[in-house]
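Worksheet: one structure, shown below.
Since every read-out is calculated from the coordinates, none of them should be taken as a lab result. For clarity, every value in this text was computed on a predicted model and none was experimentally measured. Neighbour counts run over all protein chains shown; Cβ positions are idealised from the backbone, glycine included.
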Amino acid sequence: MGRESELRVLARGRRAARKLLAQALYQLQLGDQPWQDIHAQFMNDPESDGADAEYFRHLLMSIAGHREALDELLGGFTDIAPERLDPVEHAILWVAIVELRDHPDVPFRVAISEAVELAKRFGATDGYKFVNGVLDRAASVLRPVERSA
């Protein structure tokens with residue numbers, strides 16, 4: 001497999017992992033189950049086929065264990081208090097914020113674009129516009145050099 005094919009497989013796997021993360025984090029907010037139980041549930045679901053399982057596990061664990069700190073960071077980029085956010089958009093924003101903050105291997109435009117697509121698919125009618133605006137502000141702070149290039 002060539003390098004270009006490997007990158008496409010990686011991108012598809014991460015895209016599928018982000019979709020699962022949005023669903024898993026939504027469930028985490030509503031049910032407040034241990035992240036390990038949610039992880040097992042999603043990894044045993046046929047929908048997880050093709051998802052980057054390690055990326056899913058890493059982000060789920062990172063987000064579940066640091067929700068308060070992520071909400072504090074997120075609060076700096078939106079006028080809506082994180083606890084008042086729609087749970088779907090909240091989950092999507094957590095994923096993208098962690099990618100922007102902790103994963104320089106993910107270009108900021110990819111993190112934003114993937115989040116916007118998830119918001120279009122799962123969020124409220126115009127929720128994707130809100131997600132885009134919040135993440136654009138976040139990228140200015142978390143990725144200033146990359147953002148200004």
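Tabulated data for the structure shown
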read-out	value
Whole-number percent relative contact order across the chain, with pairs defined as alpha carbons under 8 Å at least 6 apart	22 percent
Candidates Ala16, Ala91, Ala69: whichever shows maximal mean-square fluctuation once the chain is modelled as a Gaussian network with Cα springs under 10 Å	Ala69
Per-residue HN-Hα couplings for region 10-22 [Karplus 6.51, -1.76, 1.60; θ = phi - 60°; Hz; x = Gly/Pro]	4, 4, 5, x, 6, 4, 5, 5, 4, 4, 5, 4, 4
Mean shadow area of region 3-148 over all directions, Cα convex hull, nm²	8.6 nm²
Nearest-20 debye value, region 13-110 charge dipole, Cβ charges on Lys, Arg, Asp, Glu	260 debye
The chain: most fluctuating residue of Leu85, Leu70, Leu60 per GNM, C-alpha cutoff 10 Å	Leu85
Residue with peak Gaussian network fluctuation, the chain [Cα springs, cutoff 10 Å], from Phe108, Phe56, Phe122	Phe122
